[in-house]
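The values are calculated or read from the model by the stated rules, or taken from the named source; none is laboratory data. The model shown is predicted, which means the values in this text are computed figures rather than measured ones. Cβ sites come from the backbone with ideal geometry, for glycine too, and all protein chains shown count toward neighbours.
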Amino acid sequence: MQHTAKAVIGASYGDEGKGLMTDYHAAPAGRDAIVVRFNGGAQAGHTVTTPDGLRHVFSHVGSGTLAGAATFLSRHFVCHPSLFLKEADVLAASGISLPPVFVDERAPVSTLYDILLNQAIERQRGNGRHGSCGMGFGETIERNLDPEFALSVADLQQGAGYLLRRLAAIRDGYVPQRLAALGIPALGAQDAGWLASDTALQRYAHAAMQFRRATRCARPEVLSAYRQVMFEGAQGLLLDQQRGAFPYVTRSHTGIRNALDVATEAGIGTLDITYATRAYLTRHGAGPLAGELPDKPYAGIEDHTNVPNEFQGRLRFAHLDLDLLVQTIRTDFADALACPGVRATLNLAVSCLDQVGPAVSYVEDGHLQTAAPGALAAHLACRLGAGRLYTAWGPSRATVGASVVDTAVASLITTSTHHKDIPESLVF
């Protein structure tokens, strides 16, 4: 039985390097590793670049895939058949055969109608948008609260005929009900045509059946067959449905809570948790961003994943607020400490250190301060009482340095051959 696992949690608004750190931790075990998606859904955008330059933005399957790791889609993950197949095709075009993908039959399934509702309501909100990706995640969660219209992976096991009837019931019964609740009197012509289309319904059902055949139903006990288990979080702690700034949140627990639930079912007794952040703060989508800057703060910033789009706009920037970051991480880590039967350790990962130049700005005690990039990372790790510090100086696992943190003297014991900008002194 598997008794230990690692977890990666985004500490801010997402886009902190979770894909990079998942790949980093999964790579040593390769095909003997499995990545658990324990929250969110296919709206994730986790970028992984291999040391030889292969790049993929993961949405539905785990970010350990390029390293050969399997994926487990837990009951807290929203499955999206069409986007799963699209991602599998993109990987295949790059010569990547998808490792095994296991899915908990209790996992909810998103439909084409959830996407339609999601996009319709965001458009109606105009300047008051909530920051949705427009991919139906929150609407799937909402629909599945009603047993009459809920759809899970277990339902896909009932066959195409059953699924077609369920989809028709959602289209003809749930959608009008939900539109009325949202205060949308009528859909635009294009959306109305999509809603009425039997062809669209049948295409979705075909994709759902393909998804069922391409995956294997399993419960968390399957994790015990793998040497390295990786829990990969989605979004970030500041978007948590209970702890974020409502309504600019996701319908998900973005911290360690769901991972603890899956770990308990799997008999995992130890979680080595890494909280990830960039060296600066980003947010992609509507909602508050304290200290927002008019443009990117460093000329070296490159982000080819978070491109401007209709529903999220452009990527937004601010300096890290260390006090907020420490408070946010400690609040989430307290959930792990309070979980009976689970021993948890806290680590920190700081990414994009190569993008900020010789000095990085941050806010602490209400004041804007500056430090060398490596010194900032070490200082933050010490404030958190982290056991290990991971510093990423590029997009691939080969650029990640791992260090043991001695909080008593604020020194680093470097365990990586990647030494760029690691300071000899931590004096600010």
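Here's the yes/no breakdown for (1) at positive phi; (2) modelled with pLDDT under 95; (3) assigned to a loop (DSSP other than H, G, I, E, B):
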position: VAL249; (1), (2), (3): no, yes, yes
position: SER252; (1), (2), (3): no, yes, yes
position: GLY255; (1), (2), (3): no, no, yes
position: ASN258; (1), (2), (3): no, no, no
position: ASP261; (1), (2), (3): no, no, no
position: THR264; (1), (2), (3): no, no, no
position: ILE268; (1), (2), (3): no, no, yes
position: LEU271; (1), (2), (3): no, no, no
position: GLY287; (1), (2), (3): yes, yes, yes
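State all residues of segment 363-398 that are out of contact with any Leu (no Cβ under 9 Å at 6 or more places or on another chain) and within 29 Å of THR65 (Cβ to Cβ); if no residue qualifies, say none.
Within segment 363-398, just ALA398 meets the criteria.
Of everything in segment 350-373, what is of a type in the set (Ser, Thr, Tyr) and not in a strand (DSSP E or B)? Give them in sequence order.
Going residue by residue through segment 350-373, those that are of a type in the set (Ser, Thr, Tyr) are 351, 361-362, 370.
Scanning segment 350-373 gives no hits.
Quickly run through segment 115-152 and pick out the residues that are over 21 Å from MET209 (Cα atoms), at pLDDT below 95 and assigned to a loop (DSSP other than H, G, I, E, B).
ARG129, HIS130, GLY131, SER132, CYS133, GLY134
Considering each residue of segment 325-336, count those that are out of contact with any strand residue (DSSP E or B) (no Cβ under 6 Å at 6 or more places or on another chain) and either of a type in the set (A, V, I, L, M) or free of Cβ contacts under 8 Å to residues at least 24 places away in the same chain (or both), and give that number. Even if it seems obvious, please write down each step before you answer.
First, pick out the residues of segment 325-336 that are out of contact with any strand residue (DSSP E or B) (no Cβ under 6 Å at 6 or more places or on another chain): 325-328, 330-332, 334-335.
Of the ones still in play, those that are also either of a type in the set (A, V, I, L, M) or free of Cβ contacts under 8 Å to residues at least 24 places away in the same chain (or both) are 325-327, 334.
Qualifying residue count for the region: 4.
Given the condition hydrophobic (A, V, I, L, M, F, W, C) and surrounded by fewer than 17 Cβ atoms within 10 Å (Cβ to Cβ), answer yes or no: does some residue in segment 264-285 qualify?
Filtering segment 264-285 down to residues hydrophobic (A, V, I, L, M, F, W, C) leaves 266, 268, 271, 273, 276, 279, 281.
Next cut, surrounded by fewer than 17 Cβ atoms within 10 Å (Cβ to Cβ) only: none.
Scanning segment 264-285, I find no residue that is hydrophobic (A, V, I, L, M, F, W, C) and surrounded by fewer than 17 Cβ atoms within 10 Å (Cβ to Cβ), so the answer is no.
Hey, can you tell me all the residues within segment 180-215 that are surrounded by 13 or more Cβ atoms within 10 Å (Cβ to Cβ) and assigned to a loop (DSSP other than H, G, I, E, B)?
ILE184, LEU187, SER197, THR215
For LEU73, state whether it is at pLDDT below 95 and either in the same structural domain as ALA186 (by TED's automatic domain parsing) or under 23 Å from ALA259 (Cα atoms) (or both).
Numbers: at pLDDT below 95: no; either in the same structural domain as ALA186 (by TED's automatic domain parsing) or under 23 Å from ALA259 (Cα atoms) (or both): yes.
In short, no.
Do we have ALA344 as in contact with a helix residue (DSSP H, G or I) (Cβ under 9 Å, 6 or more places away or on another chain), over 22 Å from HIS46 (Cβ atoms) and either at pLDDT 95 or above or not in a loop (DSSP other than H, G, I, E, B) (or both) here? Before the answer, list the steps.
Values: in contact with a helix residue (DSSP H, G or I) (Cβ under 9 Å, 6 or more places away or on another chain): yes; over 22 Å from HIS46 (Cβ atoms): yes; either at pLDDT 95 or above or not in a loop (DSSP other than H, G, I, E, B) (or both): yes.
The answer is yes for ALA344.
Restricting attention to segment 54-64, and to residues there that are surrounded by fewer than 22 Cβ atoms within 10 Å (Cβ to Cβ) and touching a residue at least 60 places away in the same chain (Cβ under 8 Å), which single residue is nearest to GLY136 (Cα to Cα)?
The residue in question is VAL57.
Testing LEU112 on (1) surrounded by 21 or more Cβ atoms within 10 Å (Cβ to Cβ); (2) closer than 19 Å to LEU156 by Cα; (3) at pLDDT 95 or above; (4) not polar (S, T, N, Q), one condition comes back false. Which one is that?
The failed condition is (3).
Looking at the structure I just gave you, is ALA410 surrounded by 15 or more Cβ atoms within 10 Å (Cβ to Cβ), touching a Leu at 6+ places or on another chain (Cβ under 7 Å) and modelled with pLDDT under 95? Working first, answer last.
Numbers: surrounded by 15 or more Cβ atoms within 10 Å (Cβ to Cβ): yes; touching a Leu at 6+ places or on another chain (Cβ under 7 Å): yes; modelled with pLDDT under 95: yes.
Yes.
Give segment 1-33 a look and list any residue that's assigned to a helix (DSSP H, G or I), under 11 Å from the mean Cα position of the chain (by Cα) and of a type outside the set (Val, Ile, Thr), or say none.
LYS18, GLY19
Out of ALA245, ALA234, report the one residue that is part of a loop (DSSP other than H, G, I, E, B), in contact (Cβ under 8 Å) with a residue 24 or more places away in the chain and surrounded by fewer than 19 Cβ atoms within 10 Å (Cβ to Cβ). Walk me through how you get there before you give the answer.
Working: ALA234 fails: surrounded by fewer than 19 Cβ atoms within 10 Å (Cβ to Cβ).
Being part of a loop (DSSP other than H, G, I, E, B), in contact (Cβ under 8 Å) with a residue 24 or more places away in the chain and surrounded by fewer than 19 Cβ atoms within 10 Å (Cβ to Cβ) holds for just one of ALA245, ALA234, which is ALA245.
Scan segment 78-109 for residues that are β-branched (Val, Ile, Thr) and either surrounded by fewer than 20 Cβ atoms within 10 Å (Cβ to Cβ) or assigned to a loop (DSSP other than H, G, I, E, B) (or both) and report the count.
Within segment 78-109, the first condition is being β-branched (Val, Ile, Thr), and the residues that meet it are 78, 90, 96, 101, 103, 109.
Among the residues that remain, those that are also either surrounded by fewer than 20 Cβ atoms within 10 Å (Cβ to Cβ) or assigned to a loop (DSSP other than H, G, I, E, B) (or both) are: 90, 96.
Number of matching residues: 2.
Given the residues ASP15, ASP32, which is the only one that is of a type outside the set (Ser, Thr, Tyr) and modelled with pLDDT under 95? Spell out the reasoning first.
Numbers: ASP32 fails: modelled with pLDDT under 95.
That would be ASP15, the only listed residue that is of a type outside the set (Ser, Thr, Tyr) and modelled with pLDDT under 95.
Count, please, the residues in segment 302-324 that happen to be modelled with pLDDT of 95 or more and out of contact with any Leu (no Cβ under 7 Å at 6 or more places or on another chain).
Qualifying residue count for the region: 3.
Hey, among ALA386, ALA359, ALA375, which residue is surrounded by 15 or more Cβ atoms within 10 Å (Cβ to Cβ) and touching a strand residue (DSSP E or B) at 6+ places or on another chain (Cβ under 7 Å)?
So the residue among ALA386, ALA359, ALA375 that is surrounded by 15 or more Cβ atoms within 10 Å (Cβ to Cβ) and touching a strand residue (DSSP E or B) at 6+ places or on another chain (Cβ under 7 Å) is ALA386.
Taking the options TYR248, TYR204, TYR275, name whichever one is of a type in the set (Phe, Trp, Tyr), over 14 Å from the mean Cα position of the chain (by Cα) and more than 26 Å from LEU164 (Cβ to Cβ). Spell out the reasoning first.
On the way: TYR204 fails: more than 26 Å from LEU164 (Cβ to Cβ); TYR275 fails: over 14 Å from the mean Cα position of the chain (by Cα).
Only one candidate qualifies: TYR248.
Being touching a residue at least 12 places away in the same chain (Cβ under 8 Å) and charged (D, E, K, R) is the filter here; which residues of segment 136-192 pass it?
Correct list: GLU139, GLU142, ARG143, ASP146, GLU148, ASP155, ARG166, ARG171, ARG178, ASP191.
Residue by residue through segment 22-42, note down the ones that are surrounded by fewer than 24 Cβ atoms within 10 Å (Cβ to Cβ), of a type in the set (Gly, Ala, Ser) and either without any contact (Cβ under 8 Å) to a residue 40 or more places away in the chain or within 14 Å of VAL222 (Cα to Cα) (or both).
Initially, segment 22-42 is screened for residues surrounded by fewer than 24 Cβ atoms within 10 Å (Cβ to Cβ), giving 27-32.
Pick out the ones that are also of a type in the set (Gly, Ala, Ser) and you get 27, 29-30.
Result: GLY30, single match.
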